[in-house]
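Reviewing the structure listed below.
The values are calculated or read from the model by the stated rules, or taken from the named source; none is laboratory data. Remember, it's a predicted structure, so these values are computed and weren't measured experimentally. Positions of Cβ are backbone-derived with ideal geometry, glycine not excepted, and every protein chain shown enters the neighbour counts. Just the protein is used for accessible areas: all its heavy atoms, side chains included, with ligands, DNA and RNA removed. Shrake-Rupley method; radii C 1.70, N 1.55, O 1.52, S 1.80 Å.
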Amino acid sequence: MSKLINIIQDRYSVIPNEVFTDRRLDYRSRGVLCTLLSLPNGWDFSTSGLASLVITDDDRKGDGETAIRSCLQYLERLGYLQRIHVKDDKGYFIGYDYKINIPPILSSHNIL
């Protein structure tokens, strides 16, 4: 099962100003990132679970989960989100954990 790694564990959301001032973030990606920051550490991560939190009934008729998946991929390219391979005790791949990085981690893979 995939987990969200979020170091902010209070009952309110602390959102660094960088999230609001980074002009590379469109409104959807910024909203998804803010939603991720509001979730507790260890939240059982799934695209459909995240979609159920951010997609309106009107969006469900269209490409809701596809849009969420695209936002997650974009946040990963920018370095705000990192997928971490998770293996079981025998070394078999069982999924990913998702780590939020603020400031974003810059690498040669995520420079646009």
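Extension gain, Ser70-His85: 0.36 nm per intervening residue step, less the Cα-Cα distance, totals 3.4 nm. Solvent-accessible area per residue in region 9-49 equals 64 Å², computed with a 1.4 angstrom probe and all protein chains kept. Among 78-89, 18-29, sorting by the average number of other beta carbon atoms lying within 10 angstrom of each residue, highest first, gives 78-89, 18-29. Backbone geometry of region 71-86 corresponds, through the Karplus equation with coefficients 6.51, -1.76 and 1.60 at θ = phi - 60°, to 3J(HN,Hα) couplings of 4, 4, 5, 5, 4, 5, 4, 6, x, 6, 10, 10, 8, 10, 4, 10 Hz, x marking Gly and Pro.
Of Ser70, Ser2, the residue with the largest accessible area leads and the full order is Ser70, Ser2 (1.4 Å probe).
Oblate is the label for region 21-107, because a/c, from the alpha-carbon gyration tensor with a ≥ b ≥ c as root eigenvalues, is 1.5 or above and a/b does not exceed b/c.
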